[in-house]
Amino acid sequence: MMNGKAMTTSSGLVLLFGLAAASQLGCGGGEEESQPVIRPVRYQEVISSGARRERSFSGTARAGVESQLGFRVAGTVQSVSVVVGVSVKKGQEIARLDATDLALSVQEAEATLAQANASRRKSEADYERIRGLYENRNAAKSDLDATRAQSESDGAQVAAAQQRLALARRQLGYARLTAPVDGAIAAVFVEANENVGSGTAVALLTSGSRPEVEVAMPEALISQLLDGGTAQVTFDALPGAVFPAVITEVGVAATGAGATFPVKVQLAADDSSVRSGMAASVAFRFESGDGEDHIFVPPVAVGEDRDGRFVFVLERATGEGEDGALATAHRRPVEIGDLAPEGIEIEDGLADGDLLVTAGVRRIQDGQTVKLLADAGA
């Protein structure tokens, strides 16, 4: 059991060690203090859009002319002479119907015409005979009139039979479907031995040297487009390629459920790499109403508090941090305008060349040193 003297000595040692430790912490406190946190931010350079704004709309490429080809008579498909993707010349056969019934119709019309000619010859002979008798006063006037009427009627029957024969022959010709112009087959809708009606689509023929793209334009912009204006077309299947185009049609009535108007553009030059059905994006440039420059920034770059709306612009520092360039963030009040697809319009507070913080706005303060992320663009 420890006596009082021993307990007093032990307590003194504990107090002595405690004071020594406190003295050491006090002397080295400056080295142990944590360094201030340098927050990373993303940024972009402010660039004025000028007095023109660009909007893009999605569409689909189509050939300059697309024709659905079909037989003008009903029948059974005997053969199809083309496949999808093949090029055809004007007059080349696309498909053919079984023409047996149509050939029989021609033979029937020919027989009817022969019969009508025979009747006409008989009636003409009767008329000439009765007219001779009438001139010799051996036939009545009524007999002459009757034979003349019969001759004229048989002549009309001959003319009608000739028309029926011509129609039957034309219909026989319709059993052979041919290409009306040079082009390429984009689709084939029937097969051999299939029954088709008059006008049923058999094949889709694309022609025209310059492809077209049709897009839907909102009503707020349609009034700013005119025939003959220019546009830029890009295709998902052809990355990096930009095709100049000309506006050829501007719709005058809304289509579909929304208030959109059809607008058609045609590529300024032919290009074999552009195929019908390709997904396209058409960029139009619209003049601003006031003719002045405009600055648009991402909505996340604009903050707001009791003092109003603001942004942070960067002033590059001369030094380099461990992980990248450093800069000082300065708060700047701004006045905003309309919200557009390009972002929020800044009417006052920013200028070309300013480095604008676009991510991390809510975590920094005026005058704070920040780190510029390496993948941000100046």
Peptides ranked, highest mean first, by Cβ atoms within 10 Å: ranges 178-185, 136-143: 178-185, 136-143
Residue 72-residue 254 FRET efficiency (beta carbon distance; Förster radius 56 Å; 0.05 resolution): 0.95
Tensor-based shape of the range 190-279 (alpha-carbon gyration tensor, a/c under 1.5 rounded, otherwise prolate or oblate): oblate
The range 100-173 - percent relative contact order, Cα under 8 Å, separation 6 or more: 51 percent
Nitroxide proxy distance, nm - points 7 Å out along Cα→Cβ at residue 241 and residue 223: 3.8 nm
Virtual paramagnetic centre 7 Å along Cα→Cβ of residue 122, amide N under 16 Å, in the range 144-164: 147-158
Fully extended contour minus Cα-Cα distance, from residue 54 to residue 90, at 0.36 nm per residue: 8.8 nm
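Quick note: the coordinates plus some simple rules give every number you see, no bench work behind them. All values reported here derive from a predicted model rather than from experimental measurement. Glycine gets a Cβ as well: all are built from the backbone with ideal geometry, and neighbour counts include every protein chain shown.
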